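The values are calculated or read from the model by the stated rules, or taken from the named source; none is laboratory data. Just so you know, these numbers come straight off a predicted model, no measurement behind them. FYI the Cβ positions are ideal-geometry reconstructions off the backbone, even for glycines, and counts take in every protein chain you see. For the accessible areas, the whole protein counts, side chains as well, though only heavy atoms, and no ligand, DNA or RNA atoms are used. Shrake-Rupley method; radii C 1.70, N 1.55, O 1.52, S 1.80 Å.
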Amino acid sequence: MTLLDRYPVRIAGTGSYVPERVLTNADLEKMVETTDEWILTRTGIRERRIAADNQATSDLAVEAARKAMADAEVDPGEIDLIIVATVTPDMAFPATACYVQHKIGARNSVAYDIAAACSGFLYGVDIAATQISGGAVKCALVIGADKLSSIVNWKDRNTCVLFGDGAGAVVVKRAEESSGRILSMVKGTDGAQTGILKVPGSGTGCDPAEMEPVQGTVEGTIYMAGREVFKHAVTAMKEAAIKVIADAGLKPEDVSMLIPHQANLRIIEAIRERLALPEERCFVNLEKYGNTSAAAVAIALDEANRSGAIKRGDAVVLVVFGAGLTWASACIRW
Ligand code: UT7
């Protein structure tokens, strides 16, 4: 029996926000040597959203947070914990969560950030869930928000076509008798693979092996060994999804909706096929937004919730993967 069995926890509301500006594959054709056809067939992405210069990560986060609070019917004063998962904070400090706390008026909350790249949102949900099930917190706001456009090298076709900006949020509370609940969570980290997805020169790192310039890398922008990351992503996400389903006491065929990290349609398809799920039981929206890092799975969850793609009683599986390497999965009775 886990802590989550003794004191069940639920997702009480969802919200998301993407900036207005759309950057299409055709726009990128004018910026780097690429084609719409290459981007679409290799990734599944058609367009992504780019935040305005005067929009900080906290601004994206606040929009998503307000919608999640409205959906959960909670007031800012009821929130006692705010976690923002981001790798593009407003500043090195204070935490982006502190800006969010002030902007939404959640004066009774503790607020901090976590950095787990694309896995950050589910790491945040895990922290909130264990805090709530342990009794320390009653109501938490977990936000995945990133302005990746601020750390993309717009001259590097290997990476600039992949990413976008956005935010997704959930309100997490203790479950009631009749409500849904988080059934199981799985997390993992492999720090031996820090070198294949990173932002060199963005911090205090001075290990020559890590800092050695990789061809085409520009300090302070994303470097990714795409093929390597791809392989790890498929393996880790498949295993995490299978384990979280088994830990929930379910079988893959019981899953009503798989909501994976939105990085590459080929990765998503590999996981869906491993679970032997039909296409309609796998939620995909990356064609509209690209990879929005910590926000991606949270935006997808919100869209699935609001569109009716997931309904009360459904078994929903979230699975994510990102730099670190990090990965996580959650199985939720919606
Ligand atoms: O959020 C964290 C998790 N991130 C991921 O999961 C991303 C994982 N990786 C991927 O999604 C894929 O590896 C990529 C989409 C990044 C790349 O796809 P790929 O099928 O692995 O391509 P590749 O790296 O093997 O490159 C194939 C070719 C290369 O040319 P050569 O060496 O075969 O001549 C690249 O130079 O495609 C070339 N290429 C491009 N061509 C046109 C790379 N980027 C582009 C581009 N347009 N934008």
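In the stretch 107-129, what count of residues is obtained for those that are farther than 11 Å from residue 142 by Cβ and in contact (Cβ under 8 Å) with a residue 60 or more places away in the chain?
Initial filter on the stretch 107-129 (farther than 11 Å from residue 142 by Cβ): 107-113, 115-119.
Then drop every residue that is not in contact (Cβ under 8 Å) with a residue 60 or more places away in the chain, which leaves 116-119.
Number satisfying all stated conditions: 4.
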Seminar exercise, completed: Subset of the stretch 99-113, residues under 21 Å from residue 131 (Cβ atoms), out of contact with any helix residue (DSSP H, G or I) (no Cβ under 8 Å at 6 or more places or on another chain) and surrounded by fewer than 21 Cβ atoms within 10 Å (Cβ to Cβ), comes to 110
Exercise. How about the stretch 115-161: which of its residues are in a strand (DSSP E or B) and within 13 Å of the ligand (Cβ to nearest atom)?
Worked result: 144, 146
Seminar exercise, completed: For the stretch 195-210, pairs from a residue that is farther than 11 Å from residue 222 by Cβ and touching a residue at least 40 places away in the same chain (Cβ under 8 Å) to a residue that is more than 16 Å from the ligand (Cβ to nearest atom) and of a type outside the set (Asp, Glu), with Cβ under 6 Å and 6 or more apart or across chains, are none
For this session: Could you tell me which residue of the stretch 301-332 is nearest to the ligand (Cβ to nearest atom), considering only residues that are under 16 Å from the mean Cα position of the chain (by Cα) and part of a loop (DSSP other than H, G, I, E, B)?
Result: 323
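Kindly indicate whether residue 80 is over 29 Å from residue 181 (Cα atoms) and charged (D, E, K, R). Spell out how you get there, then give the answer.
On the way: over 29 Å from residue 181 (Cα atoms): no; charged (D, E, K, R): yes.
So residue 80 fails the test.
Under the condition of being β-branched (Val, Ile, Thr) and in contact with a Ser or Thr (Cβ under 6 Å, 6 or more places away or on another chain), which residue from the stretch 163-198 is most open to solvent (accessible area, probe 1.4 Å)?
Of the residues in the stretch 163-198, the ones β-branched (Val, Ile, Thr) are 170-172, 182, 186, 189, 194, 196.
Those left that are additionally in contact with a Ser or Thr (Cβ under 6 Å, 6 or more places away or on another chain): 170, 186, 189.
Details: 170: 1, 186: 16, 189: 93 Å².
Here the residue is 189.
Residue by residue through the stretch 58-83, note down the ones that are touching a Cys at 6+ places or on another chain (Cβ under 9 Å) and buried (at least 21 other Cβ atoms within 10 Å of the Cβ). Give the derivation first.
If we filter the stretch 58-83 for residues that are touching a Cys at 6+ places or on another chain (Cβ under 9 Å), which is where we start, we get 58, 72, 74, 78-82.
Passing the criteria: 58, 72, 79, 81, 82.
Listed here are the residues, each with its yes/no results for (1) surrounded by fewer than 22 Cβ atoms within 10 Å (Cβ to Cβ); (2) among the hydroxyl-bearing types (Ser, Thr, Tyr); (3) over 23 Å from residue 302 (Cα atoms); (4) assigned by TED's automatic domain parsing to the domain that holds residue 34.
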{"position": "115", "(1), (2), (3), (4)": "yes, no, no, yes"}
{"position": "120", "(1), (2), (3), (4)": "no, no, no, yes"}
{"position": "129", "(1), (2), (3), (4)": "no, no, no, yes"}
{"position": "138", "(1), (2), (3), (4)": "yes, no, no, yes"}
{"position": "148", "(1), (2), (3), (4)": "no, no, no, yes"}
{"position": "151", "(1), (2), (3), (4)": "yes, no, yes, yes"}
{"position": "156", "(1), (2), (3), (4)": "yes, no, yes, yes"}
{"position": "161", "(1), (2), (3), (4)": "no, no, yes, yes"}
